[in-house]
Amino acid sequence: MLEKSSDKRFGVQVLDGFDSIADAFSYLALRDIRTVEINLNNPYFLAQLTATPERAEIAKVARDEGITWTVHLPEGVGFFEVGDKIFGRYLTWLVKLQDQAREAGCRALTCHLGQVPHFAYSGQRREGLDLFREYYETTLLVRLRRTAHLLRKGPPLCIENVGGFHQQFVRDILDRIEGLSYTMDIGHLKVVHPGVAEAEFDFFKKHSDDVRVVHVHDNDGEWDEHLPLTDTSTLEPYLWFAREFASYLIVEVRPLEAAISSLAVLTGVKR
């Protein structure tokens, strides 16, 4: 169990089980859960956030219920997209979505960088990053700088350690960008190669002031199962860091009842 178990920064992510963001807020408020991450891979949630009347309702319910909330952006198109026009439209959409999220009271947006596809290559499986490294190094730097500039005034855009983030050259590029924030996913740290986990954790410690969100879930170390929490000691030293530096600690476990049970394990408070 973490110390400061009553800390209001602890909460849960909601992906399914609701068609309405406001309804999810009201339900969790009844359980005395006041920190929430809304996963916009739920198409109903995304539609509501981008519609003016629903967005006003989300803001009102969050305010009335004392909910502090963040969003997890939809997965799909990312920063490694080979089509410049496709990425440009994605970035335009992202800027608009950030503004809509701000209007609804959102505090942060978690984003995946995406990843480069693999290719069959003479009986092997080759990464596109190996084949076209110079291209991706150049385009990623330009795109991240442009993104950081365009999204500098709204809820912070938090890059999560998934996909391309696991590449050292990607973290080297991120080191050169000002204006971005980060989401540290503890489950992802636990499942990657120990050397990569150490390097990523060092990155987060270096950028501790910019880590706005931490995702908490467990796995067996083989693949990212998003298992419920039973023994928080298996997630150290990451949980210690999260308690000391992170803004919001989000249990990313499904279904929601398993997340609420995990939150009780994490904080020592039954909901």
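Just so it is clear, none of the values below were taken in a lab; they were calculated from the coordinates. The structure displayed is predicted, hence computed values, not measured ones. Backbone-built Cβ (ideal geometry, glycine too); neighbour counts: all protein chains shown.
Numbers for the structure displayed
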| item | result |
| --- | --- |
| Lysine pairs with alpha-carbon atoms under 26 Å apart, region 10-257, spacing 8 or more or separate chains | 9 |
| Ranked by how many other beta carbons lie within 10 Å on average, peptides 78-85, 213-220 from highest | 213-220, 78-85 |
| Mean shadow area of region 10-257, taken as a quarter of the surface of its Cα convex hull (nm²) | 13.8 |
| Debye intensity ratio in log₁₀ form over the Cα atoms of region 48-159, taken at each q of 0.10, 0.11, 0.22 Å⁻¹ | -0.39, -0.45, -1.19 |
| Point-charge dipole on Cβ atoms (K/R +1, D/E -1) for the chain, about Cα centre, debye to 20 | 900 |
| Rounded to 10°, Cα long-axis angle of helix 194-206 versus longest principal axis of the chain | 70 |
| Which of Val213, Phe10, Val251, positive extreme of dipole for region 10-257 (C-beta unit charges) | Val213 |
| At 0.890 mPa s and 25 °C, Stokes diffusion of region 207-252 via Kirkwood alpha-carbon radius, µm² per second | 218 |
